[in-house]
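Here the structure comes first, spelled out in structure tokens, and everything after it is commentary.
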Amino acid sequence: MIKKDIKAIIIAAGKGVRLRPFTHELPKSLLNVGKRTIIGSQIKNYYSLKIKNINIIVGYKKEKFKLKKIQYFNNLNYKKNNILQSLFCAKKVINNDCIISYSDIIFDKKVVKKILNTNWPISIVVDTDWKKNYVGRTHHPHTEAEKAYFNSKNILTKIGKNLPLAKTNSEFIGMIRLNNIGCDLFKKYYQIAKKNFKGKKFYNSKNFDKAYLTDFMKFLIDNKIDIKCVKIRSRWMEIDTTEDLVKAQNFFKQ
């Protein structure tokens, strides 16, 4: 049974530079894949699972977002910061129970159902069959993947683009589930990290403002916070380059 108060938070403030010229006039999440936009396909899946509380963090070309019954949060500094700071522009809705997703991914609703079946405080979706996604993917090689490693208890122990292939058993797809405890932990440790690392190098990022979610996950791991990995095999796709966009057109036909 899906909780009625669960919400979705979609991080969609970025410029999508590697999808130019398509993103000269549109944010990449508003590009079409099949019959819908990328973000539209996410919202359709959320609605189909009775998740009606949709929140979108915007920045680049924010005026292009005209979706109804959506709460928008504006990242005013999207040109200078990165995805972690962008997420916390919506901190007031990081509570109770929420799913957080990157705006440049498409996925089968079964992926969402799987992460909804766990009630771990912090859980993430990882693809254990991820390597095949990089066969022939010349514009976005596996060195760009947010690689992950989980132990025998499915607890995340390592994550990041710099993770060696020999120490990788999955890829983080860009989807997180936080229950009420997880929301509190996320906000608590974000404030700690912000206080201690403001203006300083933060794991793989040159400073805290430029931090990725994977940098923050490393910080959580170092602070003994367990992150549960929910395993899938395919059923999703990242759209980061023009090459990906072309390939994605057949995703929902499969």
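Things worth noting here:
- Percent carbon-and-sulfur accessible area, the chain, ignoring ligands, DNA and RNA, probe 1.4 Å: 52 percent
- Of every Cα-Cα pair in segment 158-254, the percent that sits beyond 19 Å: 55 percent
- Think of segment 21-146 as a dipole: +1 on every Lys or Arg Cβ, -1 on every Asp or Glu Cβ, centred on the Cα centre; then among Ile124, Phe107, Gly136, Phe107 lies furthest on the positive end.
- Averaged over its residues, segment 110-254 has an accessible area of 49 Å² per residue, based on protein heavy atoms and a 1.4 Å probe.
- Highest mean first, the peptides 51-59, 91-99 sorted by other C-beta atoms within 10 Å per residue fall in the order 51-59, 91-99.
- Test item: Cα-centred dipole of the chain, Lys/Arg +1 and Asp/Glu -1 on Cβ, debye: 480 debye
- From the C-alpha gyration tensor of segment 9-58, square roots of 5λ in Å: 22, 13, 6
- Overall, segment 1-46 carries a charge dipole of about 100 debye about its Cα centre when +1 sits on the Cβ of Lys and Arg and -1 on the Cβ of Asp and Glu, all other atoms neutral.
- The string of couplings for segment 14-30 from the Karplus curve (6.51, -1.76, 1.60, θ = phi - 60°) is x, 8, x, 4, 6, 9, 5, x, 4, 9, 5, 10, 9, x, 5, 5, 9 Hz, one whole number per residue in order, with x for Gly and Pro.
- In segment 33-118, the ratio of gyration radius to Kirkwood radius, Rg to Rh, stands at 0.95 when only Cα atoms are counted.
- Net charge of neighbours whose Cβ lies under 11 Å from the Cβ of Asn169, counting Lys and Arg as +1 and Asp and Glu as -1: +2
- Computed with the Debye formula from one identical point scatterer per Cα of the chain, without solvent, the log10 of I(q)/I(0) at q = 0.07, 0.10, 0.16 Å⁻¹ comes to -0.21, -0.44, -1.31.
The values are calculated or read from the model by the stated rules, or taken from the named source; none is laboratory data. If you're wondering where the values come from, they're calculated on a predicted model, not measured in any experiment. As a convention, Cβ positions derive from the backbone with ideal geometry for all residues, glycine included, and neighbour counts pool all protein chains shown. What goes into the accessible areas is simple: the full protein's heavy atoms, side chains included, and nothing from ligands, DNA or RNA. Shrake-Rupley method; radii C 1.70, N 1.55, O 1.52, S 1.80 Å.
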